[in-house]
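A.B. asks: One structure coming up, written as structure tokens, with questions to follow.
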Amino acid sequence: MADDEWQAFQVQYVGENPDDHTMDVEELGPALIAFGKMIRAANDELNQDKARVRVLVASDFEHRCFHINFEVVQILKDITDFLQSNHVELAELLKRLGIIVTGTAGIVGSVFGYLKWKRGRKIDKVAEIKDSPGTLVLKIEGDNNTIQISKDVFQLAQNREVLDAVEEALAPLQNGRGKTIKFGTDEVRMVEYRQRDVEDIIASCEDGGPILVAEEEPQKTRTVTGTLWSYGPVFDTKAQNWRFLYRNKPIYADVRGTSIARDAIARGGSFLNDRYRVRMEVTPPTTRDGTAHYKIIEVLEFTQAEQQIAMELKKPRGKRRGGSAQR
């Protein structure tokens, strides 16, 4: 069908012993099946029910290595997805796994590359870069070692089916029967993972830590101009924070850098709904359930709230005994 996508790639298991051209079928068979599992699981994760894939294999056994040719067909369920590119295309899917690679960015931005970098270590923080949608910054627990990867790669690296398939695909290298595994296509170079790399990848696959939810990277402090309304009158000039209404919500704002307190005392006090037009610094919360910090830098305009005029109450007229008014 015209809307199907096709992609070929090669995998080589390079033997450690140049004179040994054999490979145990119980090791090779599950490893080949694992590539099918890996690609199908990745397609299901990113494309949901928009497309399915078939993974085919044709072997070419060369000197000192098993060179396996794979062919993958992605079948879209809706022609609209093909016309509108409303799915992750097959070539991109394989790049995000790390099975085919284009340039250094392909290595860093792939599941295999990420697992190698991680080396089984715990991730301390995941933050989305605000100015680069779809890109995450990951920080290793206990140090400042960080990496930038796409959200899709991180999503795949949290998928248990994908991780299990990665382990199975690398199984022939875990017991000393293979020294190196290579991925690639006829058009681009092969990426190579040696024994130590495989150990690092497997350690990351076996990490039993919780699935991390990417959080938006905290924004930096910014200066805004806004209108505040006195919400909780303060009569103590030493109070550091005053309560205001800002955008119809109560906040506490630091007034220490202004003359707000002194001016209020000079006027005879602070009153409900006193209006302040101000410049202030707003620092977003560091946690999802935290609160922002407000600091008033300058008062641009002040309007005192209208005060109700106190009216003298008339004394009630007295009454005679028996209910008649006294004259």
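The values are calculated or read from the model by the stated rules, or taken from the named source; none is laboratory data. No experiment lies behind these values; they were computed from the predicted model shown. Note: ideal-geometry Cβ built from the backbone for every residue, glycine included; neighbour counts use all protein chains shown. Only protein heavy atoms, including side chains, enter the accessible area calculation; ligands, DNA and RNA are left aside. Shrake-Rupley method; radii C 1.70, N 1.55, O 1.52, S 1.80 Å.
A.B. asks: From the phi angles alone, apply the Karplus equation (6.51, -1.76, 1.60; θ = phi - 60°) to region 163-169 and give each ³J(HN,Hα) in whole Hz, x where the residue is Gly or Pro.
C.D. replies: Per-residue couplings from phi come out as 5, 4, 5, 4, 4, 5, 5 Hz.
A.B. asks: On a 1.4 Å probe surface of the protein chains, which of ARG194, ARG121, ARG279, ARG247 comes out largest in accessible area, and what is the full order?
C.D. replies: Putting ARG194, ARG121, ARG279, ARG247 in descending order of accessible area: ARG247, ARG194, ARG279, ARG121.
A.B. asks: In addition: Using the Karplus curve 6.51 cos²θ - 1.76 cosθ + 1.60 with θ = phi - 60°, what ³J(HN,Hα) values do you get for each residue of region 147-156, in whole Hz, with x for Gly and Pro?
C.D. replies: Those phi angles translate into 8, 10, 9, 6, 4, 5, 5, 4, 4, 5 Hz.
A.B. asks: Turning to a different aspect of this structure: Which pairs break 29 Å Cα to Cα here: LYS130/LYS238; LYS37/LYS116; LYS118/LYS179; LYS95/LYS220?
C.D. replies: Numbers: LYS130/LYS238 39 Å; LYS37/LYS116 20 Å; LYS118/LYS179 21 Å; LYS95/LYS220 34 Å.
Going by Cα-Cα distance, LYS130/LYS238; LYS95/LYS220 fall outside the 29 Å limit.
A.B. asks: Turning to a different aspect of this structure: Could you work out how far apart the two model spin labels at ILE75 and GLU141 are, taking each label as a point 7 Å from the Cα in the direction of the beta carbon, and quote it in nm?
C.D. replies: 4.4
A.B. asks: Along each principal axis of its Cα atoms, how long is region 90-163 end to end? Whole angstroms, biggest number first, please.
C.D. replies: 35, 29, 22
A.B. asks: Name the long-range amide H neighbours of ASP274: under 5 Å, sequence gap of 5 or more, or other chain; modelled H, no Pro or chain starts.
C.D. replies: SER230, ALA305
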